[in-house]
1. Any residue in the stretch 280-296 that is outside any loop (DSSP other than H, G, I, E, B), free of Cβ contacts under 8 Å to residues at least 40 places away in the same chain and more than 14 Å from residue 378 (Cα to Cα)?
2. Looking only at the stretch 244-259, decide whether some residue is closer than 30 Å to residue 42 by Cβ, part of a loop (DSSP other than H, G, I, E, B), touching a helix residue (DSSP H, G or I) at 6+ places or on another chain (Cβ under 8 Å) and modelled with pLDDT under 95.
3. May I ask you to verify whether residue 301 is crowded, with 21+ Cβ neighbours inside 10 Å, hydrophobic (A, V, I, L, M, F, W, C), under 30 Å from residue 111 (Cα atoms) and not assigned by TED's automatic domain parsing to the domain that holds residue 90?
4. Could you check the stretch 304-325 and list, in sequence order, the residues that are crowded, with 21+ Cβ neighbours inside 10 Å and under 25 Å from the mean Cα position of the chain (by Cα)?
5. Tell me which of these residue 107 doesn't satisfy, since it passes every other one: (1) under 29 Å from residue 330 (Cα atoms); (2) surrounded by fewer than 19 Cβ atoms within 10 Å (Cβ to Cβ); (3) over 23 Å from the mean Cα position of the chain (by Cα).
6. One residue is enough: does the stretch 357-373 have a residue meeting the conditions buried (at least 16 other Cβ atoms within 10 Å of the Cβ), within 26 Å of residue 15 (Cα to Cα) and among the acidic types (Asp, Glu)?
7. If the requirement is being surrounded by fewer than 24 Cβ atoms within 10 Å (Cβ to Cβ), of a type in the set (Gly, Ala, Ser), under 30 Å from residue 16 (Cα atoms) and modelled with pLDDT of 95 or more, which of these qualifies: 167, 156, 203?
Amino acid sequence: MVAFVCGPLGDSSRVQFIDLQAQRAHLGQALEDAILKVVRSGQYILGPEVATLEAQLAAFCGAKHALTVANGTDALALALMAFGVKPRHAVLVPSFTFAATGEVVVWLGATPIFVDCLPDTFNMDPASLEAGIATAKRLGLEPVGAIPVDLFGLPADYDAIEPICAAHNLWILADTAQGFGGVYKGRKTGSIGRIASTSFFPAKPLGCYGDGGAIFFDDDALRETLVSLRVHGQGADKYDNVRVGMNGRMDTIQAAVLIEKLKLFPSEIEARNRIAQLYSDALEKHCIVPRVPAGLTSVWAQYTIRIDGNRRDAVAAKLKEAGIPTAIYYVKPMHRQTAYARFPVANNGLPVSDALAGEVLSLPMHPYLSEADQDRVVAALVAALRA
């Protein structure tokens, strides 16, 4: 995971990549009061704020159920456990994403089949998904599900992915760790897939002050299973565990933080989209800027441009000299990483993922990025590109 910058209030020496302090100042005393209320209550695990947050999250995205968990990785793992994923199963996973998406498949003894992404949206390529399913069958594995990722805040191409999965009887686990709050043709992320998962890591568009995550679903039958799995697989009594689970509960303080942040979230999404549009208008003649297909809304977890790989490091260095932080998501696709290189890939190659890894560069993006700082980013980037 790439580190993010959260500088002290009033620090104008550099542009902040993600400015959590500006957001904290905007939230003000209400946030501190919410945290202190939990501290004084003594209900630090699964306190009343957790149930309140779950109801608010479900209402926000249109899912019937929301279940908070300890982190985004646990959210993915709990979903796979509920689906009964096991050895000889294959799960289709984009290679161009953070390792957690494929990691959880391996935890359960199943095989991730890595598929390619689209060059314009960075999201799962439906044609590569089809090829990955064929690869799994050729290897004697049973393809059971797919995990599309709403990368950088943009929903995946569900109109294309859903029919493919339905035709092959695959469930969809929508990994919206970066995309919660986005919209896909009238459907909010969190309400797409048999289960959707998200992360509330501090750098996410909706983040807490530690680790946190959530699972979203409509199936009533899944709720009992997921609630049990979240707390060691317990049944009616905590000393009667009816299945093998995990300790995946959310801390009450994190729920209290998220309740306050959720109040600002819609306006912050609007600000992110305004900033992204300003970036694109200013930069589209100088580099490849990200595109949002018609009918979709991104939450811009990252604003990621593409630069010729031979120049990217030099451009990033020039920006650093100018006090402009950048990040590379992701310098290595999963199928190129030591722990995952042994697993199959669709069509025996993922050329778009390999190419993007050498070209992508993410710029500062947060809802409190001032126009002056954005102008500074643009000017420095254009100068670096022209050098």
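The values are calculated or read from the model by the stated rules, or taken from the named source; none is laboratory data. On a predicted model such as this, the values are computed, not experimentally measured, just so you know. So basically every Cβ, Gly included, is an ideal-geometry build from the backbone, and we count neighbours across all protein chains shown.
1. no
2. As a first pass, look at the stretch 244-259 and keep what is closer than 30 Å to residue 42 by Cβ: 245-259.
Narrowing the set further to residues that are part of a loop (DSSP other than H, G, I, E, B) leaves 245-246, 248-250.
Subset that is touching a helix residue (DSSP H, G or I) at 6+ places or on another chain (Cβ under 8 Å): 245-246, 248-250.
Now restrict to residues that are modelled with pLDDT under 95: none.
No; the residues of the stretch 244-259 include none that is closer than 30 Å to residue 42 by Cβ, part of a loop (DSSP other than H, G, I, E, B), touching a helix residue (DSSP H, G or I) at 6+ places or on another chain (Cβ under 8 Å) and modelled with pLDDT under 95.
3. Numbers: crowded, with 21+ Cβ neighbours inside 10 Å: yes; hydrophobic (A, V, I, L, M, F, W, C): yes; under 30 Å from residue 111 (Cα atoms): yes; not assigned by TED's automatic domain parsing to the domain that holds residue 90: yes.
Criteria met by residue 301.
4. Selection gives 304, 305, 307, 324.
5. That leaves (3) as the condition not met.
6. So far as the stretch 357-373 goes, yes, one or more of its residues are buried (at least 16 other Cβ atoms within 10 Å of the Cβ), within 26 Å of residue 15 (Cα to Cα) and among the acidic types (Asp, Glu).
7. Working: 167 fails: under 30 Å from residue 16 (Cα atoms); 156 fails: surrounded by fewer than 24 Cβ atoms within 10 Å (Cβ to Cβ).
Among 167, 156, 203, only 203 is surrounded by fewer than 24 Cβ atoms within 10 Å (Cβ to Cβ), of a type in the set (Gly, Ala, Ser), under 30 Å from residue 16 (Cα atoms) and modelled with pLDDT of 95 or more.
Yes/no matrix, rows are residues, columns are (1) under 28 Å from residue 306 (Cβ atoms); (2) free of Cβ contacts under 8 Å to residues at least 60 places away in the same chain:
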site	(1), (2)
113	yes, no
125	yes, no
129	yes, no
139	no, no
143	no, yes
148	yes, yes
154	yes, no
169	no, yes
